[in-house]
Amino acid sequence: MISLSGKPVSFWIDSSSQTYFPALHENIVVDVAIVGGGIVGLTAALLLKRAGKSVAVIEAKEIAKGVSGHTTAKITALHQLIYAELIEQIGEEKARIYAESNQAAIEQIAKFVEEEQIDCDFSRQSAYTFVESPKALDKIEKEIVAASKLGLPATFVQKTSLPFAIAGAIKLDNQAQFHVRKYLLHLANLIAGEGSYIFENTRVETATEEDICKVISDHGTITAQDVIIATHLPILDQGLFFAKTYPKRSYLIGAVIDQAKAPEGMFIGAEDEYFSIRTTPYQEGILLIVGGGSHKTGSTSNTEEKYEKLEAYARSHFGVERIDYRWSTQDMVSFDKLPFIGKLTPLNEHIYVATGFSLWGMTKGTLSGMLLSDLILGIDNSWSQLYDSTRATPFITTQFVVQGLDVGKHWLGDRLKGLQGDTLSEISLGKGEIVRVKNKQLAIYRDSEKTHIVSAVCTHLGCIVNWNDAEKSWDCPCHGARYDCEGQVLHGPAVKNLEKLEIATFSS
Ligand code: FES
């Protein structure tokens with residue numbers, strides 16, 4: 001077994017307080033029920049409460065500990081390289097709305113921080129997208145032209161505070177960064193009370209819309225005029241969002257860096273193998289956060305090497321000596337690069353969703369909260385058409401076809417996957433394997449205490465899960481559901497645990 005450096009927990013979670021919101025314990029009625037206590041749900045909830053609505057945020061586990069608690073927490077409209085492609089794909093007018101709405105999200109966060117005096121290490125920073133090879137400079141130049149056309153104050157630079165040479169970068173000033181969990185916990189405390197609620201450890205199983213909406217959970221029912229499903233990928237299968245996006249995992253480390261060597265600003269590379277870089281206040285000094293190693297969820301078991309690469313990069317490029325944290329995250333990537341924000345389906349009048357942030361969830365999550373609260377309040381919002389969740393999406397893109405084939409391959413092909421049942425004892429300690437016993441596929445993990453056996457069939461739509469070495473989890477390659485070694489759901493869209501099994505059931 002490889003021994004990885006750093007505590008296996010998100011720095012944001014480790015350095016902020018625990019929450020103790022109650023679970024739902026009776027049926028209640030509110031104006032708006034919001035499923036999911038991340039940046040989308042909490043932003044929408046606060047805006048709606050400020051507008052006079054009663055709200056209930058319902059979180060399956062603890063708030064701000066899912067995708068929002070595992071981000072790099074960069075707040076920027078510079079999304080690596082996006083504007084040249086957007087102008088080509090959807091035209092200048094719509095690409096301008098994308099730029100403006102992401103900029104507006106930065107200002108919304110800044111406004112909350114100022115108005116509510118939120119102590120969350122919020123600071124204005126420049127964002128950079130850089131390349132190290134002169135051969136890749138044309139991408140940067142094209143992006144600067146595109147961003148400038150849209151009114152973004154983008155400039156070209158060749159010198160940055162990074163401690164290594166670059167060929168060039170696009171720089172966008174007046175962006176920001178923060179401690180995401182300190183920010184979100186402050187929002188949550190403003191939401192609970194005066195007829196509004198935050199419920200934790202309450203898993204929503206479904207939501208229905210007739211004359212009124214009902215959100216049905218394992219702890220009771222919430223009746224509401226409107227419902228927002230803000231569960232990363234919507235837990236409701238209507239709307240086919242799982243077919244319009246694909247799940248991508250990435251990895252982060254937090255390393256202690258000498259203040260004199262710490263770069264100023266937020267950086268991301270734009271070559272084949274790239275890294276995301278920022279710093280944050282840490283104890284008496286600075287923590288360098290480096291992210292990278294993205295891959296489609298469930299496509300590899302050897303995820304430990306992703307952390308090893310990040311560590312090697314941080315040591316060779318920044319001279320760090322101590323890695324204090326490592327964690328991973330997951331996001332849904334939208335095929336047309338735009339998030340889906342709006343109604344669940346064209347038939348729904350009162351159930352809303354937001355998903356497909358393509359790894360830039362701080363601004364897109366915030367703008368989702370802003371847009372959804374406007375839609376519910378009946379306020380015209382000029383972004384709604386661009387992000388319309390029921391829009392016709394370009395299904396015949398190469399990425400869509402590849403993802404469709406990939407899902408099909410996993411759904412059918414993985415049914416033959418797995419060791420034979422009589423090789424059970426060959427599963428090494430610390431490893432997970434799929435094993436076929438009597439035509440059933442079992443997901444088996446062995447640790448020093450016991451052998452954990454669960455069904456390998458994902459409870460979402462039946463694909464076969466794959467082992468993730470570094471996180472000790474079972475990850476579904478189709479739409480990104482994840483389970484721990486006991487089969488408990490870690491990440492949707494699945495809402496039901498993997499079936500727990502005993503090997504005795506299968507022995508003849
Ligand atoms: Fe959809 Fe597993 S997440 S089948």
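The values are calculated or read from the model by the stated rules, or taken from the named source; none is laboratory data. Bear in mind the structure is a predicted one, so any value in this text is a computation, not a measurement. Cβ sites come from the backbone with ideal geometry, for glycine too, and all protein chains shown count toward neighbours. These area figures cover heavy atoms from the full protein model, side chains too; ligands, DNA and RNA do not enter into them. Shrake-Rupley method; radii C 1.70, N 1.55, O 1.52, S 1.80 Å.
Taking the stretch 312-327 on its own, how many of its residues are in a helix (DSSP H, G or I) and either open to solvent by 30 Å² or more (accessible area, probe 1.4 Å) or aliphatic (A, V, I, L, M) (or both)?
Number of matching residues: 5.
Exactly one of (1) of a type in the set (A, V, I, L, M); (2) assigned to a helix (DSSP H, G or I); (3) closer than 25 Å to His479 by Cβ is unmet by Ile228. Its number?
All conditions pass for Ile228, except number (2).
Condition first: under 22 Å from Phe11 (Cβ atoms) and under 19 Å from the mean Cα position of the chain (by Cα). Can you find one or more residues in the stretch 117-124 that meet it?
no
Across the stretch 470-500, what is the total count of residues that are in contact with a Ser or Thr (Cβ under 7 Å, 6 or more places away or on another chain), among the acidic types (Asp, Glu) and open to solvent by 10 Å² or more (accessible area, probe 1.4 Å)?
Here the count works out to 3.
Would you mention how many residues in the stretch 178-198 are in a strand (DSSP E or B) and open to solvent by less than 10 Å² (accessible area, probe 1.4 Å)?
Of the residues in the stretch 178-198, 2 are in a strand (DSSP E or B) and open to solvent by less than 10 Å² (accessible area, probe 1.4 Å).
Is at least one residue of the stretch 296-305 in a helix (DSSP H, G or I), charged (D, E, K, R), closer than 21 Å to Asp469 by Cα and in contact (Cβ under 8 Å) with a residue 40 or more places away in the chain?
yes
For the stretch 457-470, indicate whether the set of residues that are modelled with pLDDT under 90 and more than 16 Å from the ligand (Cβ to nearest atom) is non-empty.
Looking for residues that are modelled with pLDDT under 90 and more than 16 Å from the ligand (Cβ to nearest atom), one finds at least one in the stretch 457-470, hence yes.
Kindly evaluate Glu449 against the criterion of being among the charged types (D, E, K, R), away from the ligand (no atom under 16 Å from the Cβ), assigned to a loop (DSSP other than H, G, I, E, B) and without any contact (Cβ under 8 Å) to a residue 60 or more places away in the chain.
Yes; evaluated as a whole, the condition is true for this residue.
What residue, among those in the stretch 259-285 that are more than 21 Å from Ile166 (Cβ to Cβ) and touching a strand residue (DSSP E or B) at 6+ places or on another chain (Cβ under 6 Å), is surrounded by the fewest Cβ atoms within 10 Å (Cβ to Cβ)?
The extreme case among them is Gln259.
All but one of (1) within 16 Å of the ligand (Cβ to nearest atom); (2) within 15 Å of Ala60 (Cα to Cα); (3) of a type in the set (Ser, Thr, Tyr) hold for Ser217, so report the exception by its number.
(1)
Can you tell me which residues in the stretch 142-189 are of a type in the set (S, T, N, Q) and within 28 Å of the chain's Cα centre (by Cα)?
Asn174, Gln175, Gln177, Asn189
Determine the pairs where a residue that is farther than 18 Å from Val495 by Cβ and more than 12 Å from the ligand (Cβ to nearest atom), located within the stretch 230-253, has a partner that is of a type in the set (Asp, Glu) and open to solvent by less than 20 Å² (accessible area, probe 1.4 Å) with Cβ atoms under 6 Å apart, the partner being 6 or more residues away or on another chain.
Every condition considered, the pairs that remain are Lys248/Asp331.
Every residue, every condition in (1) among the polar types (S, T, N, Q); (2) modelled with pLDDT under 95; (3) open to solvent by 10 Å² or more (accessible area, probe 1.4 Å), yes or no:
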{"site": "Ser3", "(1), (2), (3)": "yes, yes, yes"}
{"site": "Val9", "(1), (2), (3)": "no, no, yes"}
{"site": "Ser17", "(1), (2), (3)": "yes, no, yes"}
{"site": "Phe21", "(1), (2), (3)": "no, no, yes"}
{"site": "Ala33", "(1), (2), (3)": "no, no, no"}
{"site": "Gly36", "(1), (2), (3)": "no, no, no"}
{"site": "Ala45", "(1), (2), (3)": "no, no, no"}
{"site": "Arg50", "(1), (2), (3)": "no, no, yes"}
{"site": "Val57", "(1), (2), (3)": "no, no, no"}
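Which of the residues belonging to the stretch 105-128 are crowded, with 16+ Cβ neighbours inside 10 Å and in a helix (DSSP H, G or I)?
Those that are crowded, with 16+ Cβ neighbours inside 10 Å and in a helix (DSSP H, G or I): Ala105, Ile106, Gln108, Ile109, Ala110, Phe112, Val113.
Filter the stretch 234-253 down to residues that are touching a helix residue (DSSP H, G or I) at 6+ places or on another chain (Cβ under 6 Å) and open to solvent by less than 20 Å² (accessible area, probe 1.4 Å) and give me whichever is farthest from Ser276 (Cα to Cα).
Pro234
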